[in-house]
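See below for the structure under consideration.
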Amino acid sequence: MKIGVCFKIVPDYETLLAEEWENPNQLDFTYAKKMYGCFDEAALEMGLRMADSLKAAGQTAETVAVTCGAPEGAVSESLLRALFAAGYDDVVLLPACESFVSRNTAKSLASYFTEHPVDLILTGRMVGPGDSGMVPAYLAGELGAELYPEAVSASWNDAESRAEITCKEAGFLKQYAVSSGAVCTVGDAEASYLRLFPLKARMEAKKRVFSEYEPEKADFAGEEPILRMEKTEAECSFLEYKSAEETAGFLLGVLKGETE
Amino acid sequence: MMNKMECLTLFCGGLEVQTAGKVYAAAKGLTCHTDIIGLEMADGKLHGKRKLYSTHLDGLFPLENGDVLILDEKKKDCLEEMAAMATQLGITLTDGMSLTAVHEPSGLLHTEEIVKTEDLSAAKLVLLGGKGLGTKANFERLEALAEKLGASCGCTRPVAMAGWASYDKVVGLSGSILGADVCIAFGVSGAAPLMAGATGAKRLIAVNNDPKAQIFGRCSEGIVADCLEILTALEQQIEQEV
Ligand SMILES: Cc1cc2nc3c(=O)[nH]c(=O)nc-3n(C[C@H](O)[C@H](O)[C@H](O)COP(=O)(O)OP(=O)(O)OC[C@H]3O[C@@H](n4cnc5c(N)ncnc54)[C@H](O)[C@@H]3O)c2cc1C
């Protein structure tokens, strides 16, 4: 079984200076710490777990991690190499699309998966808050594949010879036998972080070569948004700290509605 | 040539409705704007507004006739204003769910109801624990304290990701939006996605040992202190009261 995982490396916006947001038209993300989109990281781990359960059942499993460019200066070779070290068989780089046109990203990914079909595509629910979260739906649409939203775990059921996923939807956990070639979005997964790996694996990963793919040109038009800094509502007043006991007394008073 | 703006399709609801909207837009090849929180005229054109860059900025996206808009049910309060604006501009806001069904993937094997321990969005008093609590055991102490005080206990997303608490306790963009009278945050940095849910509390008191922590820019009262010392003192005082 071949498993494809779509992911994006992004700046960790919480590591930017507060002043950075004051001039939204000249944002500089190059100095920010880089990370996998947080739901993408869960999808990357889920792909490996799926492969583990296949291998444990004596089945073959091939994993490929695919990313569409590294936007906003979020290039991080070490995060890309970490995927080899964690166990990915291939890491494929596609050129970046404009940030705000998710249909183009989906089209590029679809072009790759059409030429290199896989049995299951996993991808994060969205890259981060503020991203459209539309790539999985457009990707499934482009491929004519089924979309399974909000997967929390995925495994191979050897007795039934099928891939199964569990999704969290509207207060229910739903288990599905996934159709071949389906796109599954990963939400609040059981495992949120990519697994750890020994230094030896990282050294080995240094020798590996990324695959590159030039997709069919995607040219959906999309205007850049107008950006504005959000307004902060609250003005914090600091309470003078004398002792833990006094502060605890104050907090208890507030909780009991006795202290203003 | 741009079409005159006559109609927008709106999907407003929980995750199921949002997925139905995304699948509908993708199947029809329509442009879909998710997480919309309002409509706004700018440069003579109607725009859909949503948060960008982990909610640090607002983004206004130009809308075209027939675009699909998706509104999270947590932001339902924007709906009235959006509908009024559409009426004023002579735009029909079509309910997307009248055009399509809830998305149901094939191969369903089993369904199990998730038993929610508490509804954080309805809680009046909330103790909110972040990674600053240091360990799962300390988070459990906060939970026990909340129970003794008749308060609810919420957490930040990394706390759930670390397995210290279940995901239904997460406050923020990917969890509950608070409406509490009082929320006390212990060892919470105040990242934008968390604040999207925490600032719903009428009174937000933050305990953090870093005077530069982001949360101090957005809370009503700030206490620069070790949250574990405060937690211990709270436990002792509650103990003495019993
Ligand atoms: C797609 C996406 C969605 C997200 N959705 C959410 C969401 O819904 N909710 C959410 O919470 N997060 C969400 N996040 C994560 C968010 O960006 C932050 O990473 C998270 O809120 C930080 O959690 P934290 O404050 O517990 O941890 P940290 O950022 O690690 O902060 C810990 C804080 O504790 C303080 N501290 C440490 N020790 C002590 C001590 N002894 N005493 C007092 N203070 C101490 C530190 O100074 C620090 O400020 C999301 C992120 C993404 C990418």
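Here, each number is a calculation from the coordinates, and none is a lab measurement. As the structure is a computational prediction, the values presented were derived from the model and not from experiment. Here the Cβ positions follow ideal geometry from the backbone for every residue, glycine too, while neighbour counts run over all protein chains shown.
Quick notes on this one:
- Modelled FRET efficiency - R0 25 Å, A:M203 with A:E62, Cβ distances, 0.05 increments: 0.65
- The angle between the Cα long axis of helix B:15-28 and the longest principal axis of the Cα atoms of chain B comes to about 30 degrees, rounded to the nearest 10.
- Virtual spin-label span in nm between B:N65 and B:V115, 7 Å along Cα→Cβ: 5.5 nm
- Cα gyration tensor shape of region A:110-236, rounded if a/c is under 1.5, else prolate or oblate by comparing a/b with b/c: rounded
- A cut-off under 14 angstrom between Cβ atoms defines the neighbours of A:D158, and their net charge, with Lys, Arg +1 and Asp, Glu -1, is -1.
- Placing a pseudo-label 7 Å from each Cα along the Cα-to-Cβ vector at A:R228 and B:L79 gives an inter-label distance of 2.4 nm.
- Here the Karplus relation 6.51 cos²θ - 1.76 cosθ + 1.60, evaluated at θ = phi - 60°, turns the backbone of region B:220-226 into coupling constants of 7, 10, x, 10, 8, 6, 6 Hz, with x for every Gly and Pro.
- Chain A, helix-only ellipticity at 222 nm - DSSP H runs n ≥ 4, -39,500 (n - 2.57), divided by all residues, nearest 500: -8500 deg cm²/dmol
- For chain A: relative contact order, % (alpha-carbon pairs under 8 angstrom, 6 or more apart): 23 percent
- Looking at chain B, the DSSP beta bridges with both ends there are about 25 percent antiparallel.
- In chain A, the longest principal axis of the Cα atoms and the axis of helix A:77-86 are about 60 degrees apart.
- Each Cα pair under 8 Å and six or more residues apart adds its sequence gap; the mean of these over the residue count of chain B is a relative contact order of 15 percent.
- Helix axis angle, A:102-115 relative to chain A longest principal axis, alpha carbon, degrees: 30 degrees
- Low-density loop positions, GluC sites (Glu not before Pro), region B:1-99 - DSSP coil, at most 14 other Cβ in 10 Å: B:E6
- Within chain B, the longest run free of trypsin sites (Lys or Arg not before Pro) that sit in a DSSP loop with at most 11 other Cβ atoms within 10 Å is B:5-115.
- Spin-label pair B:S106-B:S166: with each label point 7 Å from Cα along the Cα-Cβ axis, the two points sit 3.3 nm from one another.
- Exposure proxy for B:T232, A:T114: other Cβ atoms within 10 Å of each Cβ, ordered fewest to most, give A:T114, B:T232.
- Lys/Arg +1, Asp/Glu -1 at C-beta; the protein assembly as shown dipole; positive extreme among A:A151, B:C227, A:S179: A:S179
- Anisotropy class of region B:178-217 from Cα gyration tensor, a/c 1.5 cut: oblate
- DSSP-assigned coil residues among trypsin sites (Lys or Arg not before Pro) in region A:1-34, each with at most 14 further Cβ atoms within 10 Å: A:K33
- Where both bridge residues fall in the protein assembly as shown, DSSP classifies roughly 35% of the beta bridges as antiparallel.
- Counting only DSSP beta bridges with both residues in region A:1-141, the antiparallel share comes to about 15 percent.
- Region B:8-54 - Debye-derived log10 I(q)/I(0), Cα point model, q = 0.26, 0.28, 0.29, 0.31 Å⁻¹: -1.05, -1.11, -1.13, -1.17
- Shape call, region A:2-231: gyration tensor on alpha carbons, a/c limit 1.5: prolate
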